[in-house]
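The values are calculated or read from the model by the stated rules, or taken from the named source; none is laboratory data. Since the structure is predicted, the reported quantities are computational estimates derived from the model, not experimental observations. With ideal geometry, Cβ positions are generated from the backbone for all residues, glycine too; neighbour counts draw on all protein chains shown. The area values use the complete protein model at the heavy-atom level, side chains included, leaving out ligands, DNA and RNA. Shrake-Rupley method; radii C 1.70, N 1.55, O 1.52, S 1.80 Å.
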Amino acid sequence: MSIHIDLDTYHWTSVPEAYPAGEITGPEVWARLIAELAAETWEYDERTRSQLEEELLLHAERPRAGAEHRFIMMGLPNAEFLSVDVHELPHTDEIDDDVLLGLPDERMTSPAVIEPIQGRLGSGRRAVRYMAVAELGYDIVAGVNWAWRTAEQDVVVTFGTSNLVQLESVLPLIDAFAASISSGETDPEPDAASR
């Protein structure tokens, strides 16, 4: 089953899963193009554009696990961006609901905050976890999973950040992105992105 995601294309873009992707011949070309478009749109200077290109390339080349789709949200303050992954998994009753939320997680510094969420896939759940990951060079990072289960597949959206101050302001943006996901059985909006 395929999924559809409604993208606010002014801010969100998908990272190609394979190349060539249209006229984009490789991850370097993609990172340069997106950085140039962002610099033009939000008036970044050349140094910021260059740094952004390097960071985008890292996300473009990061290994993927299974049916994983990667999206970038641009236009945040200080030329920051978000990287969000969407995972399509075959549904099986052998996997506990909490596993899709990244639980249990022995690295957590406090209990996960789990909330119900609604989206085009119906009722789901979101878990926010705060974890100690000294091996990554951070005292605390936040990991967030959104999960929906359907009869045929499970859809999990994942996001992580070390910017705990920013987390509260970006969660509604990713909530809206995650809620826009629909199954291949649902007719997408005209500007929806098929994955």
Of those in the stretch 129-154 that are aliphatic (A, V, I, L, M) and outside any strand (DSSP E or B), the residue most open to solvent (accessible area, probe 1.4 Å) is LEU136
For the stretch 165-175 the number of residues that are touching a strand residue (DSSP E or B) at 6+ places or on another chain (Cβ under 6 Å) and either open to solvent by 50 Å² or more (accessible area, probe 1.4 Å) or within 18 Å of GLU88 (Cβ to Cβ) (or both) is 1
When (1) farther than 16 Å from VAL144 by Cα; (2) β-branched (Val, Ile, Thr); (3) in contact with a Leu (Cβ under 8 Å, 6 or more places away or on another chain) are applied to ILE114, the one that fails is (1)
Cβ pairs under 6 Å, 6+ apart or interchain, first in the stretch 50-72 and farther than 17 Å from SER14 by Cβ, second among the polar types (S, T, N, Q) and buried (at least 19 other Cβ atoms within 10 Å of the Cβ), ordered by first then second residue, are none
Across the stretch 78-96, the tally of residues that are modelled with pLDDT of 90 or more and either loosely packed, with under 13 Cβ neighbours inside 10 Å or among the aromatic types (Phe, Trp, Tyr) (or both) stands at 6
When every residue in the stretch 10-51 that is under 15 Å from GLU80 (Cα atoms) and among the basic types (Lys, Arg) is compared, the one nearest to the chain's Cα centre (by Cα) is ARG49
Over the stretch 115-128, the set of residues touching a helix residue (DSSP H, G or I) at 6+ places or on another chain (Cβ under 9 Å), open to solvent by less than 50 Å² (accessible area, probe 1.4 Å) and part of a strand (DSSP E or B) is ILE117, GLY119, GLY124, ARG126, ALA127, VAL128
Taking the stretch 156-189 and keeping residues small (Gly, Ala, Ser), modelled with pLDDT of 95 or more and part of a loop (DSSP other than H, G, I, E, B) leaves SER180
Of those in the stretch 54-73 that are among the hydrophobic types (A, V, I, L, M, F, W, C) and open to solvent by 10 Å² or more (accessible area, probe 1.4 Å), the residue farthest from TRP146 (Cα to Cα) is LEU57
